[in-house]
Amino acid sequence: MDKFIDESQVVVGLDVDSREDVLHILSDLAEKLGFADSSEDVFQAFFDREKEGPTGMQYGFAVPHAKCSAIIRPGILLAKLTHPVEWPSFDNVPVDIALALLVPSSQAGTTHLKLLSKTAVMLMDKDIRQALREKNSPKDLSDLISRKLNA
């Protein structure tokens with residue numbers, strides 16, 4: 001997986017009112033882009049995971065993840081919001097950037113853990129967080145994420 005994310009997987013300027021709105025849009029995008037065959041199943045997988053504990057990290061970032069049989073191939077989607085929304089997080093800061101992980105059930109123990117680990121490490125880097133906030137071009141954002149996840 002050389003290119004983890006391309007510009008079609010990035011949504012910038014998303015004007016939503018809730019975490020659920022974000023997850024619905026990401027689920028629809030997963031189906032539209034061929035990562036999944038059912039946006040409803042992907043949303044349910046996101047929602048079920050949200051009930052287990054916070055996917056909001058720190059500094060306004062969230063890493064929602066869905067694992068289910070409706071997901072055909074692993075992928076990453078990025079949503080940059082126009083304004084923060086309430087999202088349970090480790091620092092209780094509302095979220096305005098969601099980096100979603102999509103994992104087929106068959107790869108739950110391998111791909112999922114690798115992507116989650118690499119994503120968490122990437123988001124610990126202050127310079128990366130700042131670059132994700134400053135860039136608004138889907139291509140620039142996807143290139144940055146792919147470069148960092150391949151490092």
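Read-outs throughout are calculated quantities, based only on the coordinates presented, and are distinct from any laboratory measurement. What you are looking at is a predicted structure, and each value in this text was computed from that prediction instead of being measured. Reconstructed Cβ throughout: ideal geometry from the backbone, glycine too, with neighbour counts over all protein chains shown.
So for segment 7-143: antiparallel DSSP bridges make up what percent, rounded to the nearest 5?
Of all bridge pairs located within segment 7-143, approximately 45 percent are antiparallel.
Restricting to DSSP H runs of at least four residues, report the calculated mean residue ellipticity at 222 nm for the chain, -39500 (n - 2.57) per run over all residues, nearest 500 deg cm²/dmol.
About -13500 deg cm²/dmol.
Taking 0.36 nm per residue of separation and subtracting the Cα-Cα distance, what length does fully extending residue 17 through residue 48 add?
Taking residue 17 through residue 48 to full extension adds about 9.2 nm, to one decimal.
Just to be sure I understand the model, the point goes 7 Å from the Cα along the line to the Cβ. What's the resulting residue 86 to residue 106 distance in nm?
Here the answer is 4.1 nm between the modelled labels.
Which value in nm describes the separation of the simple spin-label points at residue 28 and residue 7, placed 7 Å from the Cα toward the beta carbon?
2.2
Straight-line reach from residue 126: which lysines have Cα under 20 Å away, leaving out those fewer than 8 places along the same chain?
Qualifying lysines at Cα under 20 Å: 80, 118, 135, 148.
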